[in-house]
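Student: Below you will find the structure I want to go over with you.
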Amino acid sequence: MSFNYLTNIPLEQAREEYISLLHSMGMASECEEIPVQNTCGRITFAPVYAKICSPHYHASAMDGIALKAKLTFGASETTPVVLKSGEFIQVDTGDPIPEECDAVIMIEDVIYDSDGSVRLFSAAAPWQHIRQIGEDICAGEMILPAGVKITPSAIGAMIAGGCLKIKVIKKPVIGIIPTGDELVPPTDEPKPGDILEFNSSIFSAMVEKWGGIAKAYPIVPDKPELLRSTLRQAVAECDAVLLNAGSSAGRDDYSVSIIGEVAEVIYHGIAIKPGKPAILAAAGRKPVLGVPGYPVSGIIVIEEFLKPILEILCGTQTDIPEFAEATLSRPVISGLKYKEFVRVRMGTVNGRLVASPLNRGAGVVSSFMKADGILEVPQGTEGFEAGETVTIKLLRPLKELENSVVVIGSHDPLLDELGNMLHSTDCKLYMSSSHVGSMGGIMALRRGEAHAAGCHLLDESDGRYNSSYLRRYFPNGGVRLVECVGRTQGIMVQKGNPLNIRGMDDLFKGDLRYVNRQKGSGTRVLFDYLCKKSSYDVSKLYGYDREELTHTSVAAQIAAGSADAGLGIYSAAQMYGLDFVPVCTEQYDLIIPDYAWETESVQKLIEVLKSDAFKARLTEMGGYTLENPGKVKEKY
């Protein structure tokens, strides 16, 4: 691109071409690995995966007694169960659950007798009042995707997941060189003709606010040789350089010629007022900006050109609004005694900001890390109804929420990978996913609360997936069934398969402990179908009512030894080093409504689905077959 002295190029064109040139020359963020405790406010360079489960042991959620749940079966108000000393163990909140126990009874529900025995007037359900391994975070799960700002709660989540050091985007160093014979360092007694040099202080504060490190050099007099050597030094030491003043057409303005010796001058003169004399140059992949001396001009030039460069180098985003009005997707029930703070995930769907409540457990730190906002329920209020408009205190910028693809439905680790790739492809886009099962996703689409839903529902009549459910729940059409992946479902068992489980028949033999998925999930539908097909009596399966919300949480329970088997996907078994007995290959698809189909974010999501990078990542994870991900299979 040729250099023109005092050009008058439009701002938008200059910015786009300048940044495009820097990109082509290799300008990009760099990384460094630092202790997690020092990462607050930093931006993740790569996805962060949990190394251990949290909790990493089965912990009591209450003060009370731990015991075998089956010892309490049959207890009632009229026929209490009496347990002798030795049949129960006293525990406090947070204590490890003894290996032989699988339930905790609150101390308030225990009647102690003088001989050391206890009377119980209600039966305990298996695993009640126990924080199970992986309740908060499961080993192998993605805690944070690449390119997001780390919050204090995220630090807790990463430490809970065993991550002690992570890669973050390295803060770029921005050199600031003030020039001019008339400039003097800040003083409270300037002489006539002295101009206090305060621009570098303003610019340094702007750089620090946007995530960079400012390196201000001493004032350089109007001597070409000094200016040249200082500029060369700054280019060598910094990631970008601001040369302040000397960019106009005055007699002693050497900046443009000196910059031209050290870097390639792209433009000298932008069609803005104030700020026209700005110089845009590049020393290889390093930006060099000649900034006018008047402070207002300098601020405008830096806002328009340095800020977008720092957003690329730092991954920074704009400031977040404080509050926003949103539609509540599910009811929030609260007690009258307290003012409650409910964490929510948010996204804009069909022009409406939707807030979905997250797990409200006091020990679930990941829900605070994932939260987009806080819903405050005032004291004396019972809560809010679904569909009600509520005020949310935002934890993320409204712009990010407007650019978030809201995916509600069946869980699969590929959604985390898809969201990470979407954001990496376009840093303006995010994914907000909630795992509520396939049917939960369909209902969310019917209410207009999501851009897409993960679904793998089996039709028992013909063995096909998803199609009949769309015809049933969307009789008037308005949705597309988008092919995603085939995935292997099977029985996850402990490493080495100590119980020699070879198929469904073996689940109903002996005292096997099963762990199930929640009602409404496609995996639960599949398991119930397989049991019905072979006339298995699920009431005889110990743990059939023990429900987990994700494939990884099922795998975590088996790996921890609290369950022997559970139906799930191959990639989750691989993640935990479990053995895997294949049962079938099912189709996992995305349902996308017409109201979301043409949006830029959804179309970018489809592009990622079709990409070679997505296919390569899922091939690496294992257990998936990919034929035409992103293809519209059927339109209703």
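Student: Could you say which residue among V168, V104 is under 30 Å from the mean Cα position of the chain (by Cα) and either surrounded by 22 or more Cβ atoms within 10 Å (Cβ to Cβ) or closer than 21 Å to E32 by Cβ (or both)? I'd like the intermediate steps shown before the answer.
Tutor: Values: V104 fails: under 30 Å from the mean Cα position of the chain (by Cα).
When all the criteria are applied, what remains is V168.
Student: State the number of residues belonging to the range 32-56 that are open to solvent by less than 30 Å² (accessible area, probe 1.4 Å) and among the small types (G, A, S).
Tutor: Counting residues in the range 32-56 that are open to solvent by less than 30 Å² (accessible area, probe 1.4 Å) and among the small types (G, A, S) gives 2.
Student: Check F527 against each of (1) open to solvent by less than 10 Å² (accessible area, probe 1.4 Å); (2) touching a Lys or Arg at 6+ places or on another chain (Cβ under 6 Å) and name the one condition it does not meet.
Tutor: All conditions pass for F527, except number (2).
Student: Kindly indicate the residue of the range 114-132 that is within 13 Å of I65 (Cβ to Cβ) and modelled with pLDDT of 95 or more and also most open to solvent (accessible area, probe 1.4 Å) among those meeting that condition. Working first, answer last.
Tutor: Here is the first cut: in the range 114-132, the ones within 13 Å of I65 (Cβ to Cβ) are 116-120, 124, 128-130.
Right, trim to modelled with pLDDT of 95 or more and you get 117-120, 124, 128-130.
Working: S117: 8, V118: 0, R119: 81, L120: 2, A124: 4, Q128: 50, H129: 61, I130: 14 Å².
Going through the qualifying residues, I end up with R119.
Student: I need a count of the residues in the range 206-217 that are open to solvent by 50 Å² or more (accessible area, probe 1.4 Å) and at pLDDT 95 or above. I'd like the intermediate steps shown before the answer.
Tutor: Taking the range 206-217 first, the residues open to solvent by 50 Å² or more (accessible area, probe 1.4 Å) are 208-209, 213, 215-216.
This time we only want the ones that are at pLDDT 95 or above, so: 213, 215-216.
Adding up the residues that qualify gives 3.
Student: Here's another thing I want to ask about it. Got at least one residue in the range 482-501 being more than 30 Å from the chain's Cα centre (by Cα), modelled with pLDDT of 95 or more and either among the aromatic types (F, W, Y) or crowded, with 18+ Cβ neighbours inside 10 Å (or both)?
Tutor: Looking for residues that are more than 30 Å from the chain's Cα centre (by Cα), modelled with pLDDT of 95 or more and either among the aromatic types (F, W, Y) or crowded, with 18+ Cβ neighbours inside 10 Å (or both), one finds at least one in the range 482-501, hence yes.
Student: Quick one: which of E634, E627 is open to solvent by 50 Å² or more (accessible area, probe 1.4 Å) and either over 29 Å from C531 (Cα atoms) or touching a strand residue (DSSP E or B) at 6+ places or on another chain (Cβ under 8 Å) (or both)? Can you show your working first?
Tutor: Working: E634 fails: open to solvent by 50 Å² or more (accessible area, probe 1.4 Å).
Exactly one of E634, E627 is open to solvent by 50 Å² or more (accessible area, probe 1.4 Å) and either over 29 Å from C531 (Cα atoms) or touching a strand residue (DSSP E or B) at 6+ places or on another chain (Cβ under 8 Å) (or both), namely E627.
Student: Now, a different point. Out of all the residues in the range 465-510, which are charged (D, E, K, R) and touching a residue at least 60 places away in the same chain (Cβ under 8 Å)?
Tutor: Taking the range 465-510 first, the residues charged (D, E, K, R) are 471-472, 480, 483, 487, 495, 502, 505-506, 509.
Within the range 465-510, R471, R480, E483, R487, K495, R502 qualify.
Student: Return a yes/no flag: does the range 63-80 have any residue that is among the hydroxyl-bearing types (S, T, Y) and either part of a strand (DSSP E or B) or crowded, with 17+ Cβ neighbours inside 10 Å (or both). It would help to see each step written out before you state the result.
Tutor: Step one: of the range 63-80, the residues among the hydroxyl-bearing types (S, T, Y) are 72, 76, 78-79.
Now drop any that are not either part of a strand (DSSP E or B) or crowded, with 17+ Cβ neighbours inside 10 Å (or both), which leaves 72.
Yes, because at least one residue in the range 63-80 is among the hydroxyl-bearing types (S, T, Y) and either part of a strand (DSSP E or B) or crowded, with 17+ Cβ neighbours inside 10 Å (or both).
Student: Another question about this same structure. Give, as residue ranges, the helices (runs of 4 or more DSSP H) completely inside the range 505-607 that count at least 2 residues that are of a type in the set (S, T, N, Q).
Tutor: Working: elements: 522-533, 551-560, 570-575, 594-597.
By residue number, 551-560, 570-575.
Student: State whether one or more residues within the range 176-192 are of a type in the set (D, E), modelled with pLDDT of 90 or more and farther than 19 Å from I300 by Cβ. Talk me through it step by step, then tell me what you get.
Tutor: Initially, the range 176-192 is screened for residues of a type in the set (D, E), giving 181-182, 188-189.
With the extra rule that they be modelled with pLDDT of 90 or more, the set shrinks to none.
No: the range 176-192 contains no residue that is of a type in the set (D, E), modelled with pLDDT of 90 or more and farther than 19 Å from I300 by Cβ.
Student: Answer yes or no as to whether R471 is surrounded by fewer than 16 Cβ atoms within 10 Å (Cβ to Cβ), closer than 30 Å to A613 by Cα and charged (D, E, K, R). Let's see the steps before the verdict.
Tutor: On the way: surrounded by fewer than 16 Cβ atoms within 10 Å (Cβ to Cβ): yes; closer than 30 Å to A613 by Cα: no; charged (D, E, K, R): yes.
No; evaluated as a whole, the condition is false for this residue.
Student: Same structure again: Quick one: T316 ticks every box in (1) at pLDDT 85 or above; (2) touching a Phe, Trp or Tyr at 6+ places or on another chain (Cβ under 7 Å) bar one, so which box is it?
Tutor: Checking T316 against (1) at pLDDT 85 or above; (2) touching a Phe, Trp or Tyr at 6+ places or on another chain (Cβ under 7 Å), the one that fails is (1).
Student: Consider the range 11-27. How many of its residues are open to solvent by less than 60 Å² (accessible area, probe 1.4 Å) and assigned to a loop (DSSP other than H, G, I, E, B)?
Tutor: 2
Student: Here is a follow-up. Of everything in the range 79-132, what is touching a Phe, Trp or Tyr at 6+ places or on another chain (Cβ under 7 Å) and not aliphatic (A, V, I, L, M)? Give them in sequence order.
Tutor: Residues satisfying the conditions are P80, P96, D102.
Student: If you don't mind, there's one more thing I want to ask. Please list, ordered by first then second residue, the pairs with beta carbon atoms under 7 Å, 6 or more apart or interchain, first in the range 114-131 and at positive phi, second of a type in the set (V, I, T).
Tutor: The qualifying pairs are H129/V104.
Student: Can you spot a residue in the range 470-483 that is farther than 28 Å from E417 by Cα, assigned to a helix (DSSP H, G or I) and of a type in the set (S, T, Y)? Walk me through it before giving the result.
Tutor: Within the range 470-483, the first condition is being farther than 28 Å from E417 by Cα, and the residues that meet it are 471-477.
The next check asks that each one be assigned to a helix (DSSP H, G or I); those that pass are 471-473.
Filter once more, so that each one left must be of a type in the set (S, T, Y): 473.
Yes, the range 470-483 contains a residue that is farther than 28 Å from E417 by Cα, assigned to a helix (DSSP H, G or I) and of a type in the set (S, T, Y).
Student: Assess whether A59 counts as being closer than 21 Å to A154 by Cα, open to solvent by less than 40 Å² (accessible area, probe 1.4 Å) and out of contact with any Cys (no Cβ under 6 Å at 6 or more places or on another chain). Quick ask: steps written out before the conclusion?
Tutor: Details: closer than 21 Å to A154 by Cα: no; open to solvent by less than 40 Å² (accessible area, probe 1.4 Å): yes; out of contact with any Cys (no Cβ under 6 Å at 6 or more places or on another chain): yes.
Spelling it out, it is not the case that A59 is closer than 21 Å to A154 by Cα, open to solvent by less than 40 Å² (accessible area, probe 1.4 Å) and out of contact with any Cys (no Cβ under 6 Å at 6 or more places or on another chain).
Student: Select from the range 242-266 the residues that are at pLDDT 75 or above, open to solvent by less than 40 Å² (accessible area, probe 1.4 Å) and either within 22 Å of E17 (Cβ to Cβ) or not in a strand (DSSP E or B) (or both) and list them in ascending order.
Tutor: Residues satisfying the conditions are L242, L243, A245, S255, V256, I258, I259, V262, A263, V265, I266.
Student: Still on this structure: Could you check the range 544-560 and list, in sequence order, the residues that are of a type outside the set (A, V, I, L, M, F, W, C) and within 18 Å of H129 (Cα to Cα)?
Tutor: Let us first name the residues in the range 544-560 that are of a type outside the set (A, V, I, L, M, F, W, C), namely 544-548, 550-553, 557.
Across the range 544-560, the qualifying residues are Y544, D545, R546, E547, E548, S553, Q557.
Student: Looking only at residues in the range 414-430 that are open to solvent by 10 Å² or more (accessible area, probe 1.4 Å) and in a loop (DSSP other than H, G, I, E, B), which one is nearest to G448 (Cα to Cα)?
Tutor: Only one residue fits best here, namely K428.
Student: Any residue in the range 400-408 that is open to solvent by less than 50 Å² (accessible area, probe 1.4 Å), small (G, A, S) and touching a residue at least 24 places away in the same chain (Cβ under 8 Å)?
Tutor: Checking the range 400-408: at least one residue is open to solvent by less than 50 Å² (accessible area, probe 1.4 Å), small (G, A, S) and touching a residue at least 24 places away in the same chain (Cβ under 8 Å).
Student: Kindly list the number of the only condition in (1) in contact with a helix residue (DSSP H, G or I) (Cβ under 8 Å, 6 or more places away or on another chain); (2) open to solvent by less than 40 Å² (accessible area, probe 1.4 Å); (3) at pLDDT below 95 that fails for E135.
Tutor: Failed condition: (2).
Student: List pairs: first residue in the range 168-195 and at positive phi, second residue open to solvent by 10 Å² or more (accessible area, probe 1.4 Å) anywhere in the structure, Cβ distance under 6 angstrom, at least six positions apart or on different chains.
Tutor: Sorted first by the residue in the range 168-195, then by its partner, the pairs are G180/A245.
Student: While we're looking at this one, here's another question. Can you tell me which of (1) within 16 Å of the chain's Cα centre (by Cα); (2) assigned to a loop (DSSP other than H, G, I, E, B) is the one K191 doesn't meet?
Tutor: The single condition K191 does not satisfy is (1).
The values are calculated or read from the model by the stated rules, or taken from the named source; none is laboratory data. Note that the structure is predicted; figures quoted are calculated from it, not measured. Cβ: placed from backbone, ideal geometry, glycine included. Neighbour counts: every protein chain shown. Please note that ligands, DNA and RNA were not included when accessible areas were found on the heavy atoms of the full protein model with its side chains. Shrake-Rupley method; radii C 1.70, N 1.55, O 1.52, S 1.80 Å.
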